[in-house]
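Peer 1: I'd like to ask some things about the structure below.
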Amino acid sequence: MTALWTSAELRAATAGTLAVEVAVSGIAIDSRAMQPGDLFIALRDARDGHEFVPAALAAGAAAAMVDHAVPGAAPLHAPLLHVADTLAGLTALGAAGRARSKARVAAITGSVGKTGTKEMLRLLLGALGPVHVPVASYNNHWGVPLTLARMPRETAWAAIEIGMNNPGEIAPLAALARPHVAAITMVGEAHVGHLGSVAAIADEKASIVTGLLPGGIAVLPRDNASYARLAAAAVAAGVGRVLGFGRHAAAEVRLLQAATGPDGTRIEVDVLGQRIALTMPAVGLHHADNAACALAVVAALGGDVARAAPALAGYAPGAGRGAAQTIAVPGGEALLLDDSYNGQPPAMRAALRNLALRPARRRLAVLGDMRELGAYSAGLHRGLAADAIAAADLVFCCGPEMQHLYAALPVDKQGALAADSTSLAPLVKAALRPGDAVLVKGSLGSRMAVIIRALTETNP
Ligand SMILES: Nc1ncnc2c1ncn2[C@@H]1O[C@H](COP(=O)(O)OP(=O)(O)O)[C@@H](O)[C@H]1O
Ligand SMILES: [Mg+2]
């Protein structure tokens with residue numbers, strides 16, 4: 001097998017020094033996830049990765065990238081790639097990985113739906129040839145370069161996820177990814193606390209088009225309230241072609257039909273004049289939107305959509321993203337919808353709509369705080385009331401922000417309110433009856449997975 005990176009390439013890409021000849025087969029930034037043969041890159045996060053260099057080398061790292069002396073004993077003649085700064089070194093390696101690649105590359109951003117769309121593209125593009133996508137939501141200042149640095153030489157198609165927490169973060173990552181296609185899944189109030197307004201979020205998302213290669217295409221959400229703003233930004237940035245996806249009559253990739261039920265979601269899409277119909281084992285209409293986005297990306301990349309599309313029949317959302325499982329409750333079984341991974345306003349509303357679709361004796365919504373909403377937070381939490389009332393028979397809330405929703409509910413919908421997920425878990429557990437469907441959702445920081453664990457652990 002050809003090496004991912006040779007010593008000569010590592011030196012050239014990073015302007016670093018490396019005294020020995022090595023061939024690395026992968027890249028790791030976490031010594032616990034390292035495979036033998038990897039290049040271990042010592043980044044600084046909560047702890048300094050340099051502390052783990054001796055352990056990484058002992059565990060079979062082919063080399064380690066460092067920018068200062070390794071604390072503790074590194075073996076004599078250890079294969080150390082010395083650079084001025086390891087994050088800059090990783091970024092340079094990402095740029096080199098992109099520069100040498102002949103792949104057709106798409107970059108995906110949006111308030112929610114990035115990872116889902118990226119996973120759909122893994123399947124769709126994988127049906128057309130060697131595909132490369134990030135292993136997880138690696139969408140930030142280290143995740144994007146890491147994904148590009150890991151891109152195998154033979155990659156023909158790639159989908160790169162790009163996220164943001166603060167203004168100005170997307171453009172440099174898009175410039176690094178240099179995509180042929182830049183897609184925005186949707187724009188909503190996610191993390192609005194950092195940006196101040198939905199318009200500011202739209203402008204930040206739109207900056208992804210500034211990284212497009214000449215002749216590149218922007219794929220934009222036609223049904224979104226910010227569509228006109230996004231399209232205007234693309235045109236202003238010199239983008240020659242915009243493809244809209246959605247239900248709108250003017251969408252170039254048009255969702256003609258979308259029906260979702262407990263067994264999955266069936267869609268019919270007109271992709272630039274080609275009719276595509278398929279069913280995915282994923283419940284929730286937002287999967288239909290993400291699929292339309294993903295199909296638009298395939299078409300914009302120049303892929304054979306008809307050949308790729310059947311692969312979506314294998315799409316099921318990952319853990320914490322709405323996966324359904326049966327759990328034991330006293331006297332029978334209930335259905336648990338684990339949506340504990342992400343809880344921003346658009347995702348909350350989509351998840352509540354999905355709960356409403358589940359046939360069940362009673363529907364319970366267990367909701368934790370949506371984080372990073374700044375001054376909008378109380379209003380956005382309270383603003384979920386209509387969706388929560390429509391979807392659920394009983395609503396359980398935890399956290400200082402979700403109490404605003406709880407207070408806005410009629411008394412007969414109030415299940416329980418608690419300070420945090422740990423204290424809410426036993427109350428939910430005690431309330432569950434056979435035949436119930438229970439949705440658990442909140443921002444990752446609200447630790448709703450604690451409730452998932454409490455509901456799935458078997459009684460002694
Ligand atoms: N197009 C969409 N519209 C509304 N909500 C969505 C959409 N796509 C996904 N979601 C919701 O957002 C959650 C996170 O989805 P994910 O694809 O991981 O987003 P991201 O990578 O952008 O954070 C999902 O569990 C789902 O609840
Ligand atoms: Mg993600």
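Since every read-out is calculated from the coordinates, none of them should be taken as a lab result. Only a predicted model underlies this, so the values are computations on that prediction, with no experimental measurement involved. Positions of Cβ are backbone-derived with ideal geometry, glycine not excepted, and every protein chain shown enters the neighbour counts.
Peer 1: Give me the extension gain from Ala232 to Gln35: residue separation times 0.36 nm, minus the current Cα-Cα distance, reported in nm with one decimal.
Peer 2: On the way: separation 197, 0.36 × 197 = 70.92 nm, distance 4.56 nm.
Between Ala232 and Gln35, full extension yields 66.4 nm more.
Peer 1: Calculate the dipole size of the chain relative to its Cα centre from +1 charges on Lys and Arg beta carbons and -1 charges on Asp and Glu beta carbons; express the result in debye to the nearest 20.
Peer 2: Working: 38 positive and 35 negative charges, 174 e Å.
Roughly 840 debye for the chain.
Peer 1: With angles folded into 0 to 90 degrees, how steeply does helix 345-357 sit against the dominant principal axis of the chain? Use alpha carbons for both and round to 10.
Peer 2: Taking the Cα atoms of the chain, the angle to 345-357 is about 50 degrees.
Peer 1: Quote the FRET efficiency, to the nearest 0.05, computed for Ala69 versus Arg353 with a Förster distance R0 of 60 Å and r equal to the Cβ-Cβ distance. List each step's numbers first, then the result.
Peer 2: Numbers: r = 55 Å, r/R0 = 0.92.
Given R0 = 60 Å and the Cβ-Cβ separation, E is 0.60.
Peer 1: Which percent, nearest 5, of DSSP beta bridges in the chain are antiparallel? Numbers along the way, then the final one.
Peer 2: Numbers: 26 of 75 bridges.
The answer is about 35 percent antiparallel.
Peer 1: With a 10 Å Cβ neighbour count serving as the proxy for reagent exposure, in which order, fewest first, do Asp30, Asp393, Asp436 appear? Present the calculation step by step, with values, prior to reporting the outcome.
Peer 2: Details: Asp30 13, Asp393 16, Asp436 22.
In increasing order of surrounding Cβ atoms, one gets Asp30, Asp393, Asp436.
Peer 1: Using the count of nearby Cβ atoms within 10 Å as a rough guide to exposure, how do Lys413, Lys205 rank from fewest to most? Don't jump to the answer; show the numbers that get you there.
Peer 2: On the way: Lys413 16, Lys205 28.
Sorted ascending by nearby Cβ count, the order is Lys413, Lys205.
Peer 1: Note down the nm distance, to one decimal, between modelled labels 7 Å out along Cα→Cβ at Ala390 and at Arg100.
Peer 2: About 5.2 nm, to one decimal.
Peer 1: Let me ask something additional. At 7 Å along the Cα-to-beta-carbon direction for both Arg47 and Arg307, put a label point, then send me their distance in nm to one decimal.
Peer 2: It is 4.8 nm.
Peer 1: Please report Rg over Rh for the stretch 5-92, where both radii come from the alpha carbon positions and Rh follows the Kirkwood definition. Walk me through the numbers on the way to the answer.
Peer 2: On the way: Rg = 11.3 Å, Rh = 12.4 Å.
Here Rg/Rh amounts to 0.91.
Peer 1: Helix-only estimate, please: 222 nm mean residue ellipticity of the chain, summing -39500 (n - 2.57) across DSSP H runs of length 4 or more and dividing by its residues, to the nearest 500.
Peer 2: Working: 17 runs with 152 residues, N = 460.
Taking each H run of at least 4 residues, the total per residue is -9500 deg cm²/dmol.
Peer 1: Then there's this: Taking θ as phi - 60°, what are the ³J(HN,Hα) couplings along the stretch 246-258 by the Karplus curve (6.51, -1.76, 1.60), each to the nearest whole Hz, with x for Gly and Pro?
Peer 2: Per residue, the Karplus-derived 3J(HN,Hα) values read x, 7, 3, 4, 8, 5, 5, 10, 10, 7, 7, 8, 8 Hz.
Peer 1: A further question on this structure: What residue among Val187, Ala95, Ala258 has its Cα farthest toward the positive end of the dipole of the chain, where the charges are +1 on Lys, Arg and -1 on Asp, Glu, each on the Cβ?
Peer 2: Towards the positive end, the residue furthest out is Ala258.
Peer 1: Angle between the Cα long axis of helix 285-301 and the longest principal axis of the chain, 0 to 90 degrees, nearest 10?
Peer 2: 30 degrees
Peer 1: Give, as ranges by residue number, the residues of the stretch 268-296 whose backbone N falls under 13 Å from the point 7 Å along Cα→Cβ of Leu256.
Peer 2: The answer is 268-278.
Peer 1: So which lysines pass the test for Lys114, namely a Cα distance under 22 Å, with those fewer than 8 places away in the same chain ruled out?
Peer 2: Reachable lysines: Lys205, Lys441.
Peer 1: Something else: Multiply the residue gap between Thr2 and Ala454 by 0.36 nm, knock off their C-alpha separation, and tell me the result in nm, one decimal place. The partial results should precede the final answer.
Peer 2: Values: separation 452, 0.36 × 452 = 162.72 nm, distance 4.67 nm.
Result for the pair: 158.1 nm of gain on full extension.
Peer 1: Now for a separate question. Return the whole-Å distance between the Cα centroid of the stretch 240-286 and the Cα centroid of the stretch 42-78.
Peer 2: 48 Å
Peer 1: Please state the charge dipole magnitude for the stretch 1-114, taken about the Cα centre, from unit charges on C-beta atoms (+1 on K and R, -1 on D and E), reported in debye and rounded to the nearest 20. Show your work: numbers first, answer last.
Peer 2: On the way: 9 positive and 9 negative charges, 109 e Å.
Taking the Cα centre of the stretch 1-114 as origin, the dipole is about 520 debye.
Peer 1: Under the rule a/c < 1.5 gives rounded, and otherwise a/b versus b/c splits prolate from oblate, where does the stretch 82-224 land using the Cα gyration tensor? Working shown, then result.
Peer 2: Numbers: a/c = 1.84, a/b = 1.25, b/c = 1.47.
In terms of gyration-tensor shape, oblate.
Peer 1: Same structure again: Report the FRET efficiency, 1/(1 + (r/R0)^6), for Ala277 and Leu76, where r is their Cβ-Cβ distance and R0 is 41 Å, rounded to 0.05. Mind showing how you got there, number by number?
Peer 2: On the way: r = 64 Å, r/R0 = 1.56.
Once rounded, the FRET efficiency stands at 0.05.
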